[in-house]
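> Right, I'll just put the structure down here and ask away after.
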Amino acid sequence: MQIVAKYSRSVTSSNLKDDAHHHSTEALAAVALSSALGSNLFRVKYANDATEYNSLLEKWREIVKKKSIIRSWPDDISTRKVARISLEYWLDDICRTCKGRGHLPIVDVDKVLSDDPCPCCNGTTKKPIEAHNRIIDYVTDMVKSLENMALYSGDQATKKLSCEFDFIV
């Protein structure tokens with residue numbers, strides 16, 4: 001099971017016992033230990049914890065500011081704006097037209113999708129990034145950074161959980 005699914009199931013669990021039959025807390029602990037920002041990313045995106053949003057945004061603004069210095073962005077690019085737009089997009093990137101399926105349903109046929117990709121997202125399942133042309137490349141780059149940070153945190157959490165797997169040779 002993917003770490004996101006385990007994490008989401010743990011967050012919505014009504015029983016957080018940690019015994020031979022209940023392991024919900026393991027995914028929560030693994031994600032919390034993966035990285036400080038990773039924990040916030042998971043809480044806001046996968047646990048729908050809006051109370052962590054402001055903290056996440058502030059941490060992300062600092063990271064974007066540092067990246068802008070390292071990458072020599074022009075002075076007229078607002079790092080605060082790039083940080084806000086990229087984080088908001090990453091948190092809600094599902095195409096609204098196809099609802100993240102990549103294809104539209106066939107008219108009057110229940111639960112059957114067309115073979116043609118969604119015209120809005122071209123089958124990617126993600127909505128297009130909306131930003132001014134001057135900053136779109138910076139926003140896109142920061143969205144990729146967020147995706148990489150989430151993947152890294154998920155990978156670290158999975159490694160922490162790997163001791164529970166029995167590998168038979």
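> List, in the order given, every pair from Lys65/Lys99; Lys45/Lys81; Lys66/Lys127; Lys66/Lys126 whose Cα-Cα distance in the structure shown is over 23 Å.
In this structure, Lys65/Lys99; Lys66/Lys127; Lys66/Lys126 lie more than 23 Å apart at Cα.
> Next up: Quick check: from the Cα gyration tensor, does region 64-169 come out rounded (a/c under 1.5), prolate or oblate?
Judged from the Cα gyration tensor, region 64-169 comes out oblate (a/c at least 1.5, b/c at or above a/b).
> Ok, one more. If you roll a 1.4 Å probe over the heavy atoms of the protein chains, what accessible area per residue do you get for region 43-169, in Å²?
Here the per-residue accessible area is 66 Å².
The values are calculated or read from the model by the stated rules, or taken from the named source; none is laboratory data. Only a predicted model underlies this, so the values are computations on that prediction, with no experimental measurement involved. We work out accessible area using only protein heavy atoms, side chains counted, and drop any ligands, DNA or RNA first. Shrake-Rupley method; radii C 1.70, N 1.55, O 1.52, S 1.80 Å.
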